[in-house]
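Shown next, in structure tokens, is the structure this report addresses.
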Amino acid sequence: MRYDGGSIVSSGVARLPRAGWSARALVLFSVICTYFFISWTAEPLFFSNQNTYFLQGLRLAGVEGVQHDWLSQTRAPHIAFTWLVALLQKLSALALGVRTLEIVLYIALLWSFWSL
């Protein structure tokens, strides 16, 4: 065996260093992600009780009419999410930002299951 400028050569056959993911594992992870996203249903923005989480962020962003709502004057249950909503609203990217964040969190969830 000898070192040949970047790969290990043994009997004339170059062996590449082993990568962390095999092709089979990558394909399996892709299939699981595809199945998960096909079965995932996207609910409309402000669905169910989401108004309680979005309201304080919309008030901080200065959305008209929200300043006088009694619920917007309550304490924010999740301050980091409130600030994120306010920032996305000020950038006029609330719907796109929330959907992108949702997809990133779902991928993180799948990644954590995969890493078990």
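The values are calculated or read from the model by the stated rules, or taken from the named source; none is laboratory data. Computed from a prediction, not measured in an experiment: that's the story for all the values here. Accessible surface areas use protein heavy atoms only, side chains included; no ligands, DNA or RNA. Shrake-Rupley method; radii C 1.70, N 1.55, O 1.52, S 1.80 Å.
Rolling a 1.4 Å sphere over the protein heavy atoms, what is the accessible area per residue of region 34-116, to the nearest Å²?
72 Å²
In whole percent, how big is the carbon plus sulfur part of the accessible area of region 13-106, probe 1.4 Å, protein atoms only? Show your work: numbers first, answer last.
Details: 4580 of 7010 Å².
Of all accessible area on region 13-106, carbon and sulfur atoms account for 65 percent.
To the nearest 10 Å², what's THR100's accessible area with a 1.4 Å probe?
70 Å²
What ranking of GLU102, GLU64 comes out by heavy-atom accessible area, probe 1.4 Å, highest first?
Working: GLU102 50, GLU64 170 Å².
Most to least solvent-accessible, the answer reads GLU64, GLU102.
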